[in-house]
1. Restricting to the range 36-73, name every residue that is closer than 13 Å to Leu17 by Cβ and out of contact with any Leu (no Cβ under 7 Å at 6 or more places or on another chain).
2. Taking Ala227 and the conditions (1) under 16 Å from Tyr312 (Cα atoms); (2) open to solvent by 40 Å² or more (accessible area, probe 1.4 Å); (3) at pLDDT 95 or above, which numbered condition does it fall short on, given that it satisfies the others?
3. Which residues, taken from the range 469-479, are farther than 13 Å from Val414 by Cα and either surrounded by 14 or more Cβ atoms within 10 Å (Cβ to Cβ) or touching a residue at least 24 places away in the same chain (Cβ under 8 Å) (or both)?
4. I'd like the full set of residues that are modelled with pLDDT of 90 or more and acidic (Asp, Glu), limited to the range 37-76.
5. What is the one condition in (1) in a strand (DSSP E or B); (2) within 20 Å of Glu13 (Cα to Cα); (3) among the β-branched types (Val, Ile, Thr) that Val115 does not satisfy?
6. Let me confirm something: among Glu133, Glu173, which residue is in a helix (DSSP H, G or I) and open to solvent by 50 Å² or more (accessible area, probe 1.4 Å)?
7. Would you mind stating whether Gln47 is at negative phi and assigned to a loop (DSSP other than H, G, I, E, B)?
Amino acid sequence: MGLQHSARLRKHEVEALLHLPQGKLDRLLAEAQDFPRGERKEVNSIQRALGEKAYWWWDGSAVYAWAATTPRFRDHGAILLNPAVEARSSAPGKWIGFQPTSQGPAMDWETGLGVIRLLHTTHRGAATAMAEELAEVPDAQGVVTVCSLFGDIGATGPALIAADTAQPQLEYEAQWGTVTNLVGQRLPWWPALLRRADVISQWSPGAPVTIAELLPDEEEMTLRGAADVKWPVPDVQTALTDLANALRNQRVDSVNRDSRVFSEHGATPDGEPLLVAARHPTEGFPLPRTDDRERLAQGWRVLASSQLFEAYEPLAIVMRSDPTLLPFGGHVKVSDRSLAARQWAKQLRPCDPSALHAVLADDAKDVTFHMDPSTGAPAVRTRTLNGGEWIFLAPLRLPGRRAQLKSVILDDTVWVSTTDGRIYPAPHPPHEHLWWGFGAGDRPTEAAWVIAQLLDDLSSHVTLADHWASAPQGLTKLLNHPHQTSTELPRSALELARAQQNEDLS
């Protein structure tokens, strides 16, 4: 687990933290072999000319944690890391109540040390921000330590990040079990998607588990709102509603999975289970999905070609969540200076932008819109001061035209030229990319397997399933070679490589 916030302390700041007299840190460093290691910060010639000098600095959180476990400095160290806290014999604490804070919903607990505020959020730096805010208030409202969730599981329950109001800038890792012992009762925990003030505020010690339904997120609301638009075919409403239901089901599954995992692995060392304070209702879930894949495909085809503004956001969502629903392949960007791209561009037809064009263009300013009439794939060309690029969706298959694969061109992506004089980006599914050359130990089996399928049938609906096992090793070796950019491999070379047996590759 890594800390989210830690200050770098110079020598005088370390002395102030440990309440050492000025100049006494050097002696401590000589005596304490386990003191956190410092780092010397050098200065460049310009800084030196300005009078700046090299200095040493230390990780403040590491020093603060070290102090807590060192008897001489224990009172100046991290409160929840002090071994005396675990050994302290004191009356159990008590629940003070729910606190709506600037950093999210929180619970305050009175302990023998003072008030511990537990923020039910994983926002980065929340513990420090809350501790700094409290440090500005007289007596910090009695709060001595603020804890926030890290999002993982620690040794004694959910992992915590703590910041003491006495040293709010120094976050440190704390144990759920330590806070539980101080409080004297099981602490409540909520799944991430149910950490809302209206849910957490319902809890009190002994309260039953809250049944709370997920609120629709922005993507779900966008899809359901678009489904209310009057579309030319009802399949569009079916497609939009189906994706909205799918995304809601995924989020419900996330809540259930978090609850299950933290319940199983977030128990205390003595086996006491984690108190999961809220769950999602089971009645009516999962939401129904559409089994008719053709209706879904037709709905997304209509959306992909639509010029209505209402299609833009749904297409942006499907591109992020499940681009396999669209009738196109992988998302590709190539330089417009590429020889293959320039040749391919001659086949494209300028067109009015569709909503899918707008998604591909994103926030680019200088853009032109195009379509490949042979595959129907959309493409946009962007221009900047540093050059331009083509952004497009690869086809899932190439038109047959009774043609064959003539050659393969290795450029920003893999291109296919055909015997009827045309050129195409090699077809491949979404979430995949075709590459060649050295791959940091990886091998270009995806491209090799696509090429093998196109050698047999140019119009093949290519698949990358089991490409590791299916790709011919000879083709893989050929593509693994560091060819020059824009290298063209003729069909004869591809066929020869495919025919090579395993023993020929050693």
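The values are calculated or read from the model by the stated rules, or taken from the named source; none is laboratory data. Small disclaimer: the values here were computed from a predicted structure and weren't measured. Cβ placement follows ideal geometry from the backbone for every residue including glycine, while neighbour counts extend to all protein chains displayed. Remember, those area values only see protein heavy atoms, side chains included, never the ligands or the DNA or RNA. Shrake-Rupley method; radii C 1.70, N 1.55, O 1.52, S 1.80 Å.
1. Of everything in the range 36-73, those that are closer than 13 Å to Leu17 by Cβ and out of contact with any Leu (no Cβ under 7 Å at 6 or more places or on another chain) turn out to be Pro36, Asp59, Ala62, Trp66, Thr70.
2. Here Ala227 meets the rest and fails (2).
3. Of everything in the range 469-479, those that are farther than 13 Å from Val414 by Cα and either surrounded by 14 or more Cβ atoms within 10 Å (Cβ to Cβ) or touching a residue at least 24 places away in the same chain (Cβ under 8 Å) (or both) turn out to be Ser470, Ala471, Pro472, Gln473, Gly474, Leu475, Thr476, Lys477, Leu478.
4. Across the range 37-76, the qualifying residues are Glu39, Asp59, Asp75.
5. (2)
6. It is Glu133.
7. It is false that Gln47 is at negative phi and assigned to a loop (DSSP other than H, G, I, E, B).
Each row is one residue, and each column tells you yes or no for (1) of a type outside the set (A, V, I, L, M, F, W, C); (2) closer than 21 Å to Ser374 by Cα.
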position: Arg422; (1), (2): yes, yes
position: Pro425; (1), (2): yes, yes
position: Pro430; (1), (2): yes, yes
position: Pro444; (1), (2): yes, no
position: Leu454; (1), (2): no, yes
position: Trp468; (1), (2): no, no
position: Ala471; (1), (2): no, no
position: Glu495; (1), (2): yes, no
